[in-house]
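The values are calculated or read from the model by the stated rules, or taken from the named source; none is laboratory data. As the structure is a computational prediction, the values presented were derived from the model and not from experiment. Every residue, glycine among them, receives a Cβ derived from its backbone with ideal geometry; neighbour counts consider all protein chains shown.
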Amino acid sequence: MSAESSSPESRVAPVQAMKKTLWAHTIATFFGAGYLKPGPGTYGSIAALLLWAAAGWGLHLSPRGLLLALAIGIALSLLFGVPAATIAERESGAHDPGFVVIDEVAGQWIALLGCPFDWRHGLIALLLFRLFDIAKPFPVRRFERLPGGWGIVFDDVAAGLYALCIATVLRIWI
């Protein structure tokens, strides 16, 4: 046995590939939408909007039924999204990794609450949510300070609330 093969450096294990918890990455990326480039957050928002549209057109939901479906979707995206985002962030080693888009899904669905079901109102909700998600007006940016998935998700919840409020005012006055 040579001195070289018994040195500590020769016994170091090779760097392993990033471990992924399948359920967490599936939820965090909203079934892969977070892997689309450029702008994965926009793709996450569009996926949420398309799911809203599919529920409205495909299931022929009443306005109250669509509101209920959104409320359930928001609750589920928060319930599973916070721990999934926490796990995805920890496993990636990056703070608020761009591929995590379940936060955009929750925020976009919040922006769509009470929205009349047509393409114009859906587009307005999308544009307003993306504006507030990117600009992060006070106090949206403060939510990013929350630990792990809480910070990842709740800044987008706040941006969704901003979009919801502005969209509601626009519907009243326009």
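Please find, among LEU146, LEU131, the residue that is surrounded by fewer than 16 Cβ atoms within 10 Å (Cβ to Cβ), modelled with pLDDT of 95 or more, farther than 21 Å from GLY65 by Cα and touching a helix residue (DSSP H, G or I) at 6+ places or on another chain (Cβ under 8 Å).
Numbers: LEU146 fails: modelled with pLDDT of 95 or more.
None of the other options fit; the residue is LEU131.
Looking across region 136-166, the residues that are of a type in the set (Val, Ile, Thr) and under 18 Å from GLY98 (Cα atoms) come down to VAL140, ILE152, VAL153, VAL157.
Among the residues of region 105-128, those identified as crowded, with 18+ Cβ neighbours inside 10 Å and under 20 Å from PRO63 (Cβ atoms) are GLN108, TRP109, ILE110, ALA111, LEU112, LEU113, CYS115, GLY122, ILE124, ALA125, LEU126, LEU128.
Test of understanding: among ALA85, ALA48, ALA75, which residue is modelled with pLDDT of 95 or more, surrounded by fewer than 19 Cβ atoms within 10 Å (Cβ to Cβ) and within 20 Å of LEU161 (Cβ to Cβ)? I'd like the intermediate steps shown before the answer.
Working: ALA85 fails: surrounded by fewer than 19 Cβ atoms within 10 Å (Cβ to Cβ); ALA48 fails: surrounded by fewer than 19 Cβ atoms within 10 Å (Cβ to Cβ).
On inspection, the qualifying residue turns out to be ALA75.
Scanning region 60-98 for residues that are free of Cβ contacts under 8 Å to residues at least 12 places away in the same chain and part of a helix (DSSP H, G or I) yields ARG64, GLY65, LEU68, ILE72, ALA75, LEU76, LEU79.
Going by the conditions given, is ILE110 within 13 Å of the chain's Cα centre (by Cα) and under 28 Å from ARG171 (Cα atoms)? Give the derivation first.
Working: within 13 Å of the chain's Cα centre (by Cα): yes; under 28 Å from ARG171 (Cα atoms): yes.
Answer is yes for this residue.
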